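Participant: Here it is: the structure, laid out below.
The values are calculated or read from the model by the stated rules, or taken from the named source; none is laboratory data. What you see is a predicted model, and the numbers here were worked out from it, not measured in a lab. Neighbour counts are summed over all protein chains in view; Cβ atoms, including those assigned to glycine, are modelled from backbone coordinates with ideal geometry.
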Amino acid sequence: MPDHGPIDDSDMVAVGADLEPGTLLAAYRAGLFPMPYDRRRIAWFSPDPRGVLPLDGLRVSRSLRRSVRHFDVRINTRFREVMEACATPDRTGGWINSEFVNAYTGLHRLGWADSVEVYEQGTDRLVGGLYGVRIGGLFAGESMFHRATDASKVALVHLVERLNDDAATLLDVQWSTPHLASLGVIEIPRHEYLERLAAAVAASSPADR
């Protein structure tokens, strides 16, 4: 979910394939996620250790609790715009290109990817958000953005609340960063992540109930 700086090639396990819905879903079920490798190819990553946010472990400061009350939050209303905001070229470590935007927007239309949108209160001005892939009890967070202080954190607070309401069990953030660690993200070994993943993707999603 963070903006990625230099990537450790040891976390890269394959190069090639495509971003068709079936390919993406099979990859996430196996603990992989894609990023561009060069102009033509896609790389697939399985970090060790893996960053996850325990759904009972989000750290919400007093100031963030106050911020939550000053934004409006919606779910799955402007998915493509959230992705495009995450893809702005001036972001450090930016990697989301048009191919990825189209692919994940397609997943969203099929019901496999969700976005959380944060708005300036009382307006339709999009000031923050995040998106990711939802399979059963897994939410694989991909990226987040903010145009107002705390807006991306507010999106994360609402995501965690929603996942807890839906009885999700695993919130994957790929790699940890100092910023994410301050919010409660921990690192676990790959083998432990894969064990948790298997149980999570086997669970029913809210749409399946």
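Participant: Could you say whether any residue in segment 64-83 is modelled with pLDDT under 95, surrounded by fewer than 12 Cβ atoms within 10 Å (Cβ to Cβ) and within 20 Å of THR177 (Cβ to Cβ)?
Facilitator: Looking for residues that are modelled with pLDDT under 95, surrounded by fewer than 12 Cβ atoms within 10 Å (Cβ to Cβ) and within 20 Å of THR177 (Cβ to Cβ), one finds none in segment 64-83, hence no.
Participant: Tell me which residues, restricted to segment 99-133, are more than 16 Å from ALA27 (Cα to Cα) and in contact with a Gly (Cβ under 7 Å, 6 or more places away or on another chain).
Facilitator: Residues satisfying the conditions are ASP114, SER115, VAL116, GLU117, VAL118, LEU130.
Participant: Restricting attention to segment 124-156, report how many residues are in contact (Cβ under 8 Å) with a residue 12 or more places away in the chain and over 13 Å from the mean Cα position of the chain (by Cα). If you could, list the steps in order and put the result at the bottom.
Facilitator: From segment 124-156, those in contact (Cβ under 8 Å) with a residue 12 or more places away in the chain are 126-156; that's our starting set.
Next, only the ones that are over 13 Å from the mean Cα position of the chain (by Cα) stay: 126-128, 136-137, 146-151, 154.
Total satisfying the criteria: 12.
Participant: Report every pair of residues separated by at least 6 positions or lying on different chains whose Cβ atoms are under 7 Å apart, first residue within segment 28-55 and of a type in the set (Ser, Thr, Tyr), second outside any strand (DSSP E or B).
Facilitator: SER46/ASP11; SER46/GLY31; SER46/LEU32; SER46/ARG190
Participant: Okay, moving on. Of these, ALA181, ALA155, which one is touching a Gly at 6+ places or on another chain (Cβ under 7 Å) and small (Gly, Ala, Ser)? Outline the logic, then answer.
Facilitator: Details: ALA181 fails: touching a Gly at 6+ places or on another chain (Cβ under 7 Å).
Result of the check over ALA181, ALA155: ALA155.
Okay, residues lined up against (1) outside any helix (DSSP H, G or I); (2) within 29 Å of ARG41 (Cα to Cα):
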residue	(1), (2)
ILE96	yes, yes
GLU117	yes, no
GLY128	yes, no
GLY132	yes, yes
HIS179	no, no
HIS191	no, yes
LEU197	no, yes
ALA200	no, no
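Participant: Tell me yes or no: at least one residue of segment 167-190 is surrounded by fewer than 21 Cβ atoms within 10 Å (Cβ to Cβ), touching a helix residue (DSSP H, G or I) at 6+ places or on another chain (Cβ under 6 Å), at pLDDT 95 or above and more than 22 Å from SER63 (Cβ to Cβ).
Facilitator: Within segment 167-190, one or more residues are surrounded by fewer than 21 Cβ atoms within 10 Å (Cβ to Cβ), touching a helix residue (DSSP H, G or I) at 6+ places or on another chain (Cβ under 6 Å), at pLDDT 95 or above and more than 22 Å from SER63 (Cβ to Cβ).
Participant: Would you mind stating whether LEU159 is touching a residue at least 12 places away in the same chain (Cβ under 8 Å) and over 23 Å from ARG29 (Cα atoms)?
Facilitator: Numbers: touching a residue at least 12 places away in the same chain (Cβ under 8 Å): yes; over 23 Å from ARG29 (Cα atoms): no.
Criteria not met by LEU159.
Participant: In this structure, does MET83 turn out to be outside any loop (DSSP other than H, G, I, E, B) and in contact with a His (Cβ under 8 Å, 6 or more places away or on another chain)? Step through it out loud before you land on a result.
Facilitator: On the way: outside any loop (DSSP other than H, G, I, E, B): yes; in contact with a His (Cβ under 8 Å, 6 or more places away or on another chain): no.
No: the conditions fail for MET83.
Participant: For GLU117, only one of the following conditions fails: (1) surrounded by fewer than 24 Cβ atoms within 10 Å (Cβ to Cβ); (2) among the charged types (D, E, K, R); (3) touching a strand residue (DSSP E or B) at 6+ places or on another chain (Cβ under 6 Å). What is its number?
Facilitator: (1)
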